[in-house]
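Notes follow the structure.
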Amino acid sequence: MSTTDRCRLYLITPPRFDPAEFRDTLASALDAGDVACVQLRLKDVDDDAIRRAADILCPVTQERDVAFIMNDRADLAAETGSDGVHVGQEDASYTDARTMLGDDAIIGVTCHQSRDLSMTAADEGANYVAFGAFYPSGTKSPKHQANPEILSWWSGLMETPCVAIGGITVENAPPLIQAGADFLSVVAGVWNHPQGPAAAVKAFNTVMENVAAAQ
């Protein structure tokens with residue numbers, strides 16, 4: 001999940017899906033353009049359902065050199081051969097996740113709109129910090145509202161990459177890219193795109209390239 005000279009896509013799986021049916025959809029999306037990673041985020045399901053989804057989808061991403069990130073569960077990330085884990089403020093601590101997964105794993109931390117949380121996460125060694133939500137989201141009811149200014153502040157101060165999250169679409173992405181987001185975390189903006197996920201990935205990459213060229 002390396003950064004480049006421009007912003008990259010950080011995909012999150014839909015809230016509900018059948019892994020076997022979703023596999024080809026995911027493959028098509030990843031083949032359509034640059035994607036840095038895919039986070040498996042399944043809520044209100046048992047561990048076996050998460051394991052099954054990881055067993056099916058992890059190879060799809062890793063075969064394409066796209067990192068596979070587990071949401072919340074460092075233990076399942078280790079068990080399923082995921083490349084890392086994303087932890088929220090109410091989940092296992094960064095330190096616990098690092099101890100469980102080792103130095104080579106990707107560990108990202110939700111920091112909402114907090115400068116203090118983000119500085120702490122970076123100091124501890126997080127591979128990225130996530131800010132948001134920047135826009136209203138139909139996927140998740142945001143408890144925190146973030147302003148693009150925090151991306152500018154972070155990118156001007158820190159080398160640790162930052163991820164923008166929350167209701168991001170092709171249309172509203174440019175201000176976040178311009179502000180300094182290294183990654184855009186997207187759910188519905190890709191999976192529910194009118195022309196389909198592959199078209200969405202292409203469109204996001206075009207927007208990212210255009211903003212990078214203009215800067």
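The values are calculated or read from the model by the stated rules, or taken from the named source; none is laboratory data. On a predicted model such as this, the values are computed, not experimentally measured, just so you know. Using ideal geometry, Cβ is built from the backbone for each residue, glycine included, and neighbour counts are taken over all protein chains shown.
Things to note:
- First in the stretch 152-163 and over 16 Å from C7 (Cβ atoms), second anywhere and of a type in the set (K, R), Cβ under 9 Å, 6 or more apart: W153/R115
- Verdict on G166 being under 22 Å from L30 (Cβ atoms), touching a residue at least 24 places away in the same chain (Cβ under 8 Å) and small (G, A, S): no
- Pairs where the first residue, in the stretch 110-128, is closer than 19 Å to R41 by Cβ and the second is part of a helix (DSSP H, G or I) and among the charged types (D, E, K, R), C-beta under 9 Å, 6+ apart: A126/R98
- Selected residue (criterion: farthest from T110 (Cα to Cα)) from residues of the stretch 45-87 that are of a type in the set (K, R) and under 18 Å from the mean Cα position of the chain (by Cα): R64
- Residue match in the stretch 180-190 (condition: under 16 Å from G88 (Cα atoms), assigned to a loop (DSSP other than H, G, I, E, B) and of a type in the set (S, T, N, Q)): no
- For the condition modelled with pLDDT of 95 or more, assigned to a strand (DSSP E or B) and either under 25 Å from A97 (Cα atoms) or not acidic (D, E) (or both), F131 qualifies.
- Subset tally (residues that are surrounded by fewer than 16 Cβ atoms within 10 Å (Cβ to Cβ) and not in a loop (DSSP other than H, G, I, E, B)) for the stretch 26-51: 6
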